[in-house]
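Worksheet: one structure, shown below.
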Amino acid sequence: NMERLARSGVKFSQAYACTGIEVSDIVQHVRVSRRHLKQQFRRTTGRSILTEIHRVRLETAQRLLGETDWKLARVAARAGFTHASSMSGMFQARLGIRPGEYRRRMQASPPKG
């Protein structure tokens, strides 16, 4: 059924978002039409497929910036962005802050727990 396929698409997008996948890769994975998958994905998650991919990539980049001293290019590549500038643009758009400033704030704050 379509809901099961959408859930499969969600799991696939979350598992592989940081490998550079695109919407077409998820469509190919679940083997349904792009249109139907997009509709079911939104119905299941409340988000578009691309928004979900970006969400996972951004969360991964945030975690890596807080936990490592890797250069931005390495963080971007590991999180699935094609360039550090793409990651920076998403940080600015979604969080209103640059990745370097995010790192400084995260590493300056006391650990939780």
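The values are calculated or read from the model by the stated rules, or taken from the named source; none is laboratory data. These numbers come from a predicted model, not from an experiment. Heads up, the Cβs are rebuilt from the backbone with ideal geometry, glycines too, and the neighbour counts pull from every protein chain shown. All accessible areas refer to the heavy atoms of the entire protein, side chains included, with ligands and DNA or RNA removed. Shrake-Rupley method; radii C 1.70, N 1.55, O 1.52, S 1.80 Å.
Each Cα pair under 8 Å and six or more residues apart adds its sequence gap; the mean of these over the residue count of the chain is a relative contact order of 25 percent. Measuring nothing but protein heavy atoms, the accessible surface of segment 34-79 at 1.4 Å probe radius is 47 percent carbon and sulfur.
A Förster radius of 25 Å, combined with the Cβ-Cβ distance separating residue 83 from residue 35, puts the computed FRET efficiency at roughly 0.25. For segment 23-113, a Kirkwood radius taken over Cα pairs fed into Stokes-Einstein (4 °C, viscosity 1.567 mPa s) yields D = 89 µm²/s. Extension gain, residue 108 to residue 71: 0.36 nm times the residue separation minus the Cα-Cα distance gives 11.6 nm. Remark: accessible surface ordering of 72, 58, 50 (largest first) is 50, 72, 58, probe radius 1.4 Å. When you filter the trypsin sites (Lys or Arg not before Pro) in segment 66-113 for DSSP loop state and at most 16 other Cβ atoms inside 10 Å of their Cβ, you are left with 71, 112. When 83, 54 are compared by accessible surface with a 1.4 Å probe, the order from highest to lowest is 83, 54.
Sparse packing (at most 14 other Cβ atoms within 10 Å of the Cβ) combined with a DSSP loop state is found for the following chymotrypsin sites (Phe, Trp or Tyr not before Pro) in segment 16-98: 70. Restriction of the trypsin sites (Lys or Arg not before Pro) in segment 14-67 to DSSP coil positions whose beta-carbon has at most 14 other beta-carbons within 10 angstrom yields 31.
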